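Below: the structure, in structure tokens.
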Amino acid sequence: MSANLKDLENPVDYGWEPQPTLGGGSYYLPEAWEAERERIFAADWFCVGREEEVPEVGDMLVRPVAEETVIVTRAKDSELRAFFNVCSHRGTRLCDAGQSHAKSNVIKCPYHAWTYTLEGECVGTPNVHEEEGFDRSTVSLTRMAIDTWAGFIFINMAEDPMPLRESFTRNFDGDPTQFERYGMEDLRIGLQIVYEVEANWKIIIENFNECLHCPSVHPELVQKVPLFRKGKVEDDVGWTGAELIEGATTLTATGESNRSALPGLEARDIGAYFGITQFPNLMFNMHTDCVMVYRLEPSGATHTRIVSDFLFRPEAIEDPDFNPRDIGDFWDLVSLQDWAVCERAQTGVRSRAYANGGVYPFNDRYVWEFNRMYREMMARG
Ligand code: FES
Ligand SMILES: [Fe+2]
């Protein structure tokens, strides 16, 4: 985001003028989706899960990335690697989506049984003989870049990607490393809720980046976060959080939980909420006792799977009284309210009346910043 975006409270100081939205076609046309697959999903760092999902040597994680799929392995040297989920023989998809442990530490193609190590090397090609001039070393799995931050696994299909941390610095919503005090690398998934949403991934990110909809769509949320009732997403000058209602420390029905505050938080973080989006597929919700992360898996122009992971301290999860549903149920309510309006927006943007798009007022300025970054990424060669 531009440096001054969060420093100025009112549209006049900011010099804001109403800005155009994206045109309707970018939310449903197959050509827009194909261009995004090339210029964004195959060109940028994309989060595919958490390190805790591949903890042991031999573990594998298979996740979709905009109609590609990636295999993440933890090989003998304990390092994570990422490969395209494609057999180098005849292109067959090797593994189904999900978590697994590789039998005998190999990946075997279900078609003609070629086998690969978790390092991607081809070690078995039944009935194919060296004498015919076949060199197995030329048919390894195709690698892609992989890196981790705060316990999250990111992959990048580009040939020569910019370092992950450097990519954070150009994020439209600020650098997520500003939330390292939440100690996310030490947190673990205590609850996961998965949603299938009939909406373009950008509509979902845009919805997350404004609160003009909060008073009409989220009566329970605005009761807990008074700022949101005003249609704003941030508090006063120089602070990007939102204070919860007096006496509340977290987003549960009661405003409380039996979990301790995450260590490392600053005094003002206690009883505050922060939201941040990491382009293109993570949306973080920071609470005193929990970090909830939406990870988007867009699978086409009009469908997005949304995985909502609730991260807690391991000792909170081990507590016999651990009850993640208190925050889970609250967010499930809010999330379903959001997805319903996103799906409704999706049906409207198809109209010929919206071909040229609509307009962003001042409180939509983060949505506009998202679109600005999106346009930049889409203008790449
Ligand atoms: S396509 Fe995989 S072994 Fe033939
Ligand atoms: Fe919302």
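Yes or no, residue by residue, for (1) of a type in the set (A, V, I, L, M, F, W, C); (2) in contact with a strand residue (DSSP E or B) (Cβ under 7 Å, 6 or more places away or on another chain); (3) buried (at least 22 other Cβ atoms within 10 Å of the Cβ); (4) touching a residue at least 60 places away in the same chain (Cβ under 8 Å):
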| position | (1), (2), (3), (4) |
| --- | --- |
| Glu246 | no, no, no, no |
| Ala253 | yes, no, no, yes |
| Leu262 | yes, no, yes, yes |
| Glu266 | no, no, no, yes |
| Met283 | yes, yes, no, yes |
| Pro298 | no, yes, yes, yes |
Checklist entry - So, of the residues in the range 315-331 that are under 22 Å from the mean Cα position of the chain (by Cα) and open to solvent by less than 40 Å² (accessible area, probe 1.4 Å), which turns out to be nearest to ligand 2 (Cβ to nearest atom)? => result Trp331
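Conditions tested, residue by residue: (1) within 30 Å of Asp321 (Cβ to Cβ); (2) aliphatic (A, V, I, L, M); (3) in contact with a Ser or Thr (Cβ under 6 Å, 6 or more places away or on another chain); (4) at pLDDT 95 or above.
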| position | (1), (2), (3), (4) |
| --- | --- |
| Leu221 | yes, yes, no, yes |
| Lys224 | yes, no, no, yes |
| Leu227 | no, yes, no, no |
| Glu234 | no, no, yes, no |
| Glu243 | yes, no, no, no |
| Ala248 | yes, yes, no, yes |
| Leu251 | yes, yes, no, yes |
| Ser260 | yes, no, no, yes |
| Pro263 | yes, no, no, yes |
Item to check | Close pairs from the range 338-349: first assigned to a helix (DSSP H, G or I), partner charged (D, E, K, R) and open to solvent by 50 Å² or more (accessible area, probe 1.4 Å), Cβ under 8 Å, at least 6 apart | outcome: Glu343/Glu198; Gln346/Glu198
Checklist entry - When you scan the range 1-58, how many residues do you find that are modelled with pLDDT of 95 or more and in a loop (DSSP other than H, G, I, E, B)? => result 14
Item to check | Test: residue in the range 128-137 that is acidic (Asp, Glu) and closer than 30 Å to Arg39 by Cα | outcome: no
Next on the checklist: Exactly one of these conditions fails for Ser216: (1) under 22 Å from the mean Cα position of the chain (by Cα); (2) open to solvent by 40 Å² or more (accessible area, probe 1.4 Å); (3) small (Gly, Ala, Ser). Give me its number.
Outcome noted: (1)
Next on the checklist: Can you report the number of residues in the range 89-115 which are within 16 Å of Val139 (Cβ to Cβ) and either more than 9 Å from ligand 1 (Cβ to nearest atom) or open to solvent by less than 50 Å² (accessible area, probe 1.4 Å) (or both)?
Outcome noted: 9
Checklist entry - Quick one: which of Val341, Val334 is under 28 Å from Pro226 (Cβ atoms), open to solvent by 10 Å² or more (accessible area, probe 1.4 Å) and within 16 Å of ligand 2 (Cβ to nearest atom)? => result Val341
Checklist outcome for this item: Exception for Phe134 within (1) without any contact (Cβ under 8 Å) to a residue 24 or more places away in the chain; (2) part of a strand (DSSP E or B) falls at (2)
Next on the checklist: Cβ-Cβ distance below 9 Å, separation of 6 or more or different chains: which pairs start in the range 96-122 with a residue that is touching a residue at least 40 places away in the same chain (Cβ under 8 Å) and farther than 17 Å from Arg81 by Cα and end on one that is among the aliphatic types (A, V, I, L, M) and not in a loop (DSSP other than H, G, I, E, B)?
Outcome noted: none
Checklist entry - Which members of the range 268-281 meet the condition of being assigned to a loop (DSSP other than H, G, I, E, B) and free of Cβ contacts under 8 Å to residues at least 60 places away in the same chain? => result Ile270, Gly271
Checklist entry - Do we find that Asn371 is in contact with a Gly (Cβ under 8 Å, 6 or more places away or on another chain), over 22 Å from Glu51 (Cα atoms) and not in a strand (DSSP E or B) in this structure? => result no
Checklist entry - For the range 159-242, which helices (runs of 4 or more DSSP H) that fit wholly inside it have 3 or more residues that are within 13 Å of ligand 2 (Cβ to nearest atom)? => result 201-208, 214-217, 219-224
Item to check | Identity of the residue in the range 116-131, of a type in the set (Val, Ile, Thr) and farther than 16 Å from Val72 by Cα, that ends up farthest from ligand 1 (Cβ to nearest atom) | outcome: Val123
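The values are calculated or read from the model by the stated rules, or taken from the named source; none is laboratory data. Being a predicted model, the structure only gives us computed values, none of them experimental. In this analysis, Cβ positions are derived from the backbone assuming ideal geometry, glycine residues included, and neighbour counts consider all displayed protein chains. Surface areas here come from the heavy atoms of the whole protein model, side chains and all, with no ligands, DNA or RNA. Shrake-Rupley method; radii C 1.70, N 1.55, O 1.52, S 1.80 Å.
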